[in-house]
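The structure appears right after this line, and notes come after that.
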Amino acid sequence: MINTMPATEAGEPKPRLAGRDDAIAYVVRAATTAARPLVILTGPAGVGRSSVLDRARDQITAQHTATLTIPIHPTERDKPLALATRIADELDAPGLTAAVRERHRRQDPLVIFLDDLQWADPESLRALGNVPAGGNITFVCAHHTTTTRTLPPLDSVELIRLRPLNAADVTLMLTDLLHAKPVQDMTDTLYHGSNGIPAIVRLAIDGYRRAGSLRIVDRNAYLVPTNQPPTPTPQHPGFDALRALGTPTWPVIKALAVLHPLEHHSIPLIATAVGIPETDVEHILTGLEADELLHSRPWRFRTPLLATCLTACLGPYERHELARLAVLALEDGTATCDDPRFLPEQLVNAGKLVDNDQAGTTLLTHGTATVVDDEYFAKRWLEAAAARLTEPQQRATALFMHAVTCGYHSDFRSAVDTVNTVVTCYADQLPAEALQEAQIIRMIGLGAIGDHRTLHEIADHRWRMLLGDEADQIIGRAFALCFTDRWQEAQTLLADTRPTWSTGNDSAITYGNTIGNAITMLCGRPQAYEQMLADITTHCPLFTEHRHRPGLLDTLARTLLLIGDATRAEQLFTTHGQPPERRLTGMRAL
């Protein structure tokens, strides 16, 4: 039905499309000057062609120019003149040529919008190409790719290429979607991961919401943890066009989303998983490359976030089987991969389809190596390792490192839960220093989650029930006293028992000096603290271990901040090579 009602009368104004004002204005100008009878908007999938056409139609209607919208269906591609016939029927004419002639006679301009022109039959496309210029009908169309093989002759076409958004436009789009300003790291993640494709940005935002990593605080939007992948609902409209491609294309796309890090090794594995010849896989991928969805040889997605989001569409069997094929290919040497996350991720996904102990050992190694730098994956891999390993000492180590990771990244409730499991079931499987560290993590966690009753009980009478020797129990009690704001008691305890804990294990010495010297510093006696800063390794033996350094530097710097010496705190981080992103929040703010 021809529409002549201005958009402001038809309903509420639609939200602005970020970065599309110029494109919309260009389409409106091309459609209303009638210099060429066919205006075609092209661009990669998801770039927003339909949205731009929708806004252009609203503006043209607002100028009191009649418009007509005719959807095109994939089923029409093989029906000669199907589209031309429908256009003629809408205009009550016996054919397209007669409809154009009648409209020209009436001197009544009409703009006809045709979305998804790629589905039109060739005969209708030729008929559109023969529409004379200077008439009163203009066809404004959206076409899914820049290829011109299926388009009418270009001398009758105004071809408009819709470009992806730039970084500033992605920021504006995110601000509109979230009603909050995204921090720079979030903008960078979404811009580079989507390559500026609006549909991928919306898909990823849905995925981050469902994953629980999208946080909005004081009208600022963050991703926490920053490296947690988005997991959109499989029913998200962003998948509809790909799912509509059917079998075997849709299964091939999902398999490539998992296996693309294997580069050229992925083709035989995709063929095995989907159950089709390798030549068919190559043919399907070549077609997807023509649609600007993929880069070729090695095959990979143009938008990395689409590959990540597509894995949310896998069924349980698909996920396990693809992971199994990948793991076996890496183990027998028929495939290689440069992505250090790929193997442990596929070991997690493969479940019971791979050897439990071997998988658990590999996951423990990778998880331990990423405790400081990769919060989401370290926790995920160590949790999976603890579930897979059957040897008690290895399982105890996996649980302990999981607690360390949770504590390091301030997930204190999970840290307390894991430590409780460790000290209850595996206390005899860990060295004394690890047990001491586990108990300290528990103390910090109890303070963070507000369980002051338990901390008071430990400080007053249950400290003798703490695991470890007397030095470990003293340090544990000192922590409990600090977290119940009994600082003077903690300092007195450490001073009176120095001969005991100062000859204990590295953990007792490190935390005894850190707590005791910090308290004396805050009480106006800085000598011991200054000596510790001058020779941290001697006073804090754990400082020699990589994973302890960031936390200890934060602790030392926090004391300096408490006395107002931000300059020395900054110098402390700089001297020991602590990058800005790993410094405590207060220091980053300053």
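The values are calculated or read from the model by the stated rules, or taken from the named source; none is laboratory data. In this text the structure is predicted, and so the values were computed from the model without any measurement. Every residue, glycine among them, receives a Cβ derived from its backbone with ideal geometry; neighbour counts consider all protein chains shown. Heavy atoms of the whole protein, side chains included, go into the accessibility calculation; ligands, DNA and RNA do not. Shrake-Rupley method; radii C 1.70, N 1.55, O 1.52, S 1.80 Å.
Can you compute the FRET efficiency between ASP417 and HIS264 using 1/(1 + (r/R0)^6), with r the Cβ-Cβ distance and R0 = 51 Å? Round to the nearest 0.05.
0.70
For THR492 and ASP565, compute 0.36 nm times the residue count separating them, minus their Cα-Cα distance, and round to one decimal in nm.
23.7 nm
Given 0.36 nm per residue, what is the gain on full extension from GLU391 to THR279 after removing their alpha carbon distance, in nm?
35.8 nm
Taking the Cα atoms of the stretch 406-475, what is the range of coordinates along each of the three principal axes, in descending order and whole Å?
Taking the Cα atoms of the stretch 406-475, the three principal extents are 27, 27, 18 Å.
Over the stretch 372-441, with every protein chain in place, what whole percent of the accessible area is carbon and sulfur at 1.4 Å, could you tell me? Don't skip to the answer; put the middle values down first.
Numbers: 1280 of 2680 Å².
Whole-percent figure for carbon plus sulfur exposure: 48.
Averaging sequence separations of C-alpha pairs under 8 Å and six or more residues apart, then dividing by the length of the stretch 241-332, give the relative contact order as a whole percent.
Across the stretch 241-332, relative contact order equals 31 percent.
With a 1.4 Å probe and all protein chains left in place, how much of the accessible area of the stretch 154-219 comes from carbon and sulfur atoms, in whole percent?
Values: 1580 of 3260 Å².
It is 48 percent, rounded to a whole number.
With a 1.4 Å probe and all protein chains left in place, how much accessible area per residue does the stretch 357-462 have, in Å²?
Per residue, the stretch 357-462 has an accessible area of 41 Å².
Mind checking the log10 I(q)/I(0) for the stretch 366-522 at q = 0.10 Å⁻¹? Debye, one equal scatterer per Cα, no solvent, two decimals.
Relative scattering, expressed as log10 I(q)/I(0), comes to -0.35.
What is the Å³ per residue value for the convex hull set by the Cα atoms of the chain?
Values: hull volume 106.2 nm³, N = 590.
For the chain, the hull spanned by Cα atoms encloses 180 Å³ per residue.
Only bridges whose two residues both fall in the chain count here: according to DSSP, what percent of them are antiparallel, nearest 5?
About 25 percent, rounded to the nearest 5.
Sort LYS254, LYS181 by heavy-atom solvent-accessible area, probe 1.4 angstrom, most to least.
LYS181, LYS254
Highest mean first, how do 538-545, 56-63, 341-348, 210-217 rank when packing is the count of other Cβ atoms within 10 Å averaged over residues?
Packing order, densest peptide first, comes out as 341-348, 56-63, 538-545, 210-217.
From the square roots a ≥ b ≥ c of the eigenvalues of the alpha-carbon gyration tensor of the stretch 242-303, which class results: rounded (a/c under 1.5), prolate (a/b over b/c), or oblate?
Rounded is the answer for the stretch 242-303, as its axis ratio a/c remains below 1.5.
Rounded, prolate or oblate: which fits the stretch 36-136 when a ≥ b ≥ c are the square roots of the eigenvalues of the alpha-carbon gyration tensor, with rounded for a/c under 1.5 and prolate only if a/b beats b/c?
Oblate is the answer for the stretch 36-136, as a/c is 1.5 or above yet b/c matches or exceeds a/b.
Using only the alpha-carbon atoms, how far is helix 549-562 inclined from the longest principal axis of the chain? Give it as 0 to 90 degrees, nearest 10.
With both axes taken from Cα atoms, the answer is about 80 degrees.
Between the stretch 13-51 and the stretch 445-516, what's the alpha-carbon centroid distance in Å?
One Cα centre to the other: 68 Å.
Could you give P(r) for the stretch 56-113, binned at 10 Å from zero, as whole percent values over all Cα-Cα pairs?
Taking every Cα pair in the stretch 56-113, the percentages come to 21, 46, 28, 5.
Which order do LEU553, LEU330 take by accessible area at a 1.4 Å probe, largest first?
LEU330, LEU553
If you roll a 1.4 Å probe over the heavy atoms of the protein chains, what accessible area per residue do you get for the stretch 13-103, in Å²?
On the way: 4320 Å² over 91 residues.
That works out to 47 Å² for each residue.
About its Cα centre, how strong a charge dipole does the stretch 257-334 have in debye, to the nearest 20, once Lys and Arg get +1 and Asp and Glu get -1 at the Cβ?
Values: 5 positive and 11 negative charges, 48 e Å.
In total the dipole reaches around 240 debye.
If you take the beta carbon distance between ARG209 and ASP291 as r and set R0 to 25 Å, what does 1/(1 + (r/R0)^6) give as a FRET efficiency, to the nearest 0.05?
0.35
Expressed in nm², what is the orientationally averaged projection area of the convex hull enclosing the Cα positions of the stretch 344-395?
On the way: hull surface 12.4 nm².
Dividing the Cα hull surface by four gives the mean projection, 3.1 nm².
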